[in-house]
Amino acid sequence: RAVAEEWKSMSDEEKEVYKQRAGQEKIKAAVAASRMTGFMVFQQEKYRERKASRPWEKIDLSEASRAVAEEWKSMSDEEKEVYKQRAGQEKIKAAVAASRMTGFMVFQQEKYRERKASRPWEKIDLSEASRAVAEEW
């Protein structure tokens with residue numbers, strides 16, 4: 001609520017800074033999404049699977065990357081196509097999310113980061129905080 005109140009009390013000039021940054025964030029997100037490949041989707045999935053199956057084990061990224069690359073190379077084109085299609089879907093989702101970025105969202109993210117930095121021991125419930133901000137908004 002404090003974030004929403006602070007946003008409401010800001011002048012249009014102060015808000016404009018965040019609106020411009022939102023535009024920059026949209027561009028960055030669109031560029032990042034456009035680079036998503038089927039291999040990247042496959043790699044992320046494999047890392048998550050390994051982490052879930054052995055959460056206590058630290059992953060050696062260079063070793064894991066080699067293993068994932070070898071597995072990818074051994075797959076058929078049909079098997080790879082599933083991941084390529086998912087990459088296309090991820091690109092669309094990221095582009096949609098980026099297009100919805102607003103100045104207020106950039107401001108809100110900045111406030112969350114500031115709070116987390118000032119009180120790292122405190123767990124921030126983002127869904128609860130977002131709901132409160134949305135109600136105020």
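Here is how the numbers come out for the structure above:
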| read-out | value |
| --- | --- |
| Top-ranked residue of the range 48-90 - restricted to ones that are open to solvent by less than 60 Å² (accessible area, probe 1.4 Å) and basic (K, R), ranked as nearest to the chain's Cα centre (by Cα) | R50 |
| Enumerated helices (runs of 4 or more DSSP H) restricted to the range 1-115, each holding at least 1 residues that are charged (D, E, K, R) and closer than 30 Å to D125 by Cα | 2-9, 12-34, 38-53, 77-99 |
| Among the candidates V41, V31, residue that is without any contact (Cβ under 8 Å) to a residue 12 or more places away in the chain and either touching a strand residue (DSSP E or B) at 6+ places or on another chain (Cβ under 9 Å) or β-branched (V, I, T) (or both) | V31 |
| Residue in the range 23-58 that is modelled with the highest pLDDT, counting only those that are of a type in the set (D, E) and either more than 18 Å from Q89 (Cβ to Cβ) or in contact with an Asp or Glu (Cβ under 8 Å, 6 or more places away or on another chain) (or both) | E49 |
| Near pairs, Cβ below 7 angstrom, 6+ apart or cross-chain, from the range 89-103 (hydroxyl-bearing (S, T, Y)) to any residue that is open to solvent by less than 60 Å² (accessible area, probe 1.4 Å) | T102/A22 |
| Qualifying residue in the range 100-111 (condition: small (G, A, S), modelled with pLDDT of 80 or more and farther than 24 Å from A29 by Cβ) | no |
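The values are calculated or read from the model by the stated rules, or taken from the named source; none is laboratory data. Just so it is clear, the model here is predicted, and its values are computed rather than measured. FYI the Cβ positions are ideal-geometry reconstructions off the backbone, even for glycines, and counts take in every protein chain you see. When the accessible area is computed, the model is the full protein with side chains, heavy atoms only, and any ligands, DNA or RNA have been set aside. Shrake-Rupley method; radii C 1.70, N 1.55, O 1.52, S 1.80 Å.
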